[in-house]
Amino acid sequence: MKKTYFLLAFLIMIAPARGHDFVDARINSVSRAITKSPLDGNLYIKRGILFIEAKHYDKAKEDFKKARSHQEDLHAQFYLSQIAYLEHKYAKAEKDTLSLLSKKPDNKLKASLYRQLIAIYMNSKNIDKAINASKKFMQEMPSSIKNDDYSILINLLIKSKSNKKALDLLDQAVDKFGERSLFVNKRIELNVSLKHYNKALEDVENLIVFKHRLPYLYMEKGKILIESARPKEALKSFKKALSLVDKLSQTKQKIPAVSELKIKLGRYISNLRLKK
């Protein structure tokens, strides 16, 4: 059983389906292979995945049940649990996923099962269970944790108003993925919402060191300075952003967002001047 199928099945849940003609052609191709090798459980898994993508869930179930009888038991059960999830049968999907986790699957399958369990809890609006499953996943499988896994748990913690825990996890994510990762932007956003302006400004300043030609960073800095009642510094930051926007406007590259950004900066500067 190729390990890539676990990733493929997960992507099927979150990505738009490919064209019907393409999927139908692949189904026909695998069906011909099954005719030649009817005892190959892996082929039933392949076709079942394609049936999931085509949303022929009953046909997919039949294939995964056949695969179970041809030494593809855990893999087939995994996809059957995914169908329950896709059909919004969350109680069954949860039960089946937990059962598979108890059977000591290999790490690739185990990670997919944890991600599925978290998705089940999120879609069934059980935030506490989703948080606990995410934490357990991170504790048990630290080497398997990816960028998206951190993002999901951070957003869940923010949603549950556990802002301190969210900030602690953001710190871990920044340490792991670097000072220029998207987690820094998320940390800025959360610190501003909590009125931790100095911490937010520190992150913006660090980003400016790496990306000093990006006007939106100076604009973000100016907005935070306004919130922290430092209008003179904010005006200076907005003017710097505007000068960078003017340089971008003079380049041969067509950047649609530049004119919009210029308008926003003009408004910020005008408002600050009026308040003098």
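All of the numbers you see were taken from the coordinates with simple rules; none came from a lab. Being a predicted model, the structure only gives us computed values, none of them experimental. All Cβ positions, even for glycine, are placed from backbone atoms using ideal geometry, and neighbour counts span all protein chains on display.
Before moving on, here are some points about what is shown:
- Charge-dipole axis of the chain as Lys and Arg at +1 and Asp and Glu at -1 on Cβ define it, positive-most pick from ILE83, ALA234, ALA166: ALA234
- Mean separation of Cα pairs under 8 Å and 6 or more residues apart, divided by the residue count, gives the chain a relative contact order of 8 percent.
- Mean Cβ neighbour count within 10 Å, used as a protection proxy, ranking 220-230, 103-113 highest first: 220-230, 103-113
- Axis angle, to the nearest 10 degrees, between helix 41-53 and the longest C-alpha principal axis of the chain: 50 degrees.
- For the stretch 24-105, the square roots of the Cα gyration tensor eigenvalues, ordered a ≥ b ≥ c, give a/c of at least 1.5 with a/b no greater than b/c, which places it in the oblate category.
- In a simple Cβ point-charge model (Lys, Arg +1; Asp, Glu -1; nothing else charged), the chain has a dipole of about 980 debye relative to its Cα centre.
- Packing rank of 24-32, 125-133, where each peptide gets the mean count of other beta carbons within 10 Å, highest leading: 125-133, 24-32
- The angle between the Cα long axis of helix 20-36 and the main principal axis of the chain comes to about 30°, on a 0 to 90 degree scale.
- Neighbour-limited loop hits for trypsin sites (Lys or Arg not before Pro), the stretch 38-83 (at most 14 other Cβ within 10 Å; DSSP other than H, G, I, E, B): LYS55
- Rg/Rh ratio calculated on Cα atoms of the chain (Kirkwood radius): 1.13
- Quotient of C-alpha Rg and 2.2 N^0.38 Å, computed over the stretch 1-148: 1.04
- Whichever lysines have a C-alpha closer than 17 Å to that of LYS240, once near sequence neighbours (fewer than 8 apart) are set aside: LYS211, LYS221, LYS223, LYS232, LYS262, LYS264
- Rounded tilt (10° steps) of 197-210 against the dominant C-alpha axis of the chain: 80
- Across every pair of non-identical alpha carbons in the stretch 105-191, the mean reciprocal distance, once inverted, gives a Kirkwood radius of 13.2 Å.
- Farthest toward positive dipole pole in the chain [+1 Lys/Arg, -1 Asp/Glu at C-beta], among PHE51, ASN191, ASN271: ASN271
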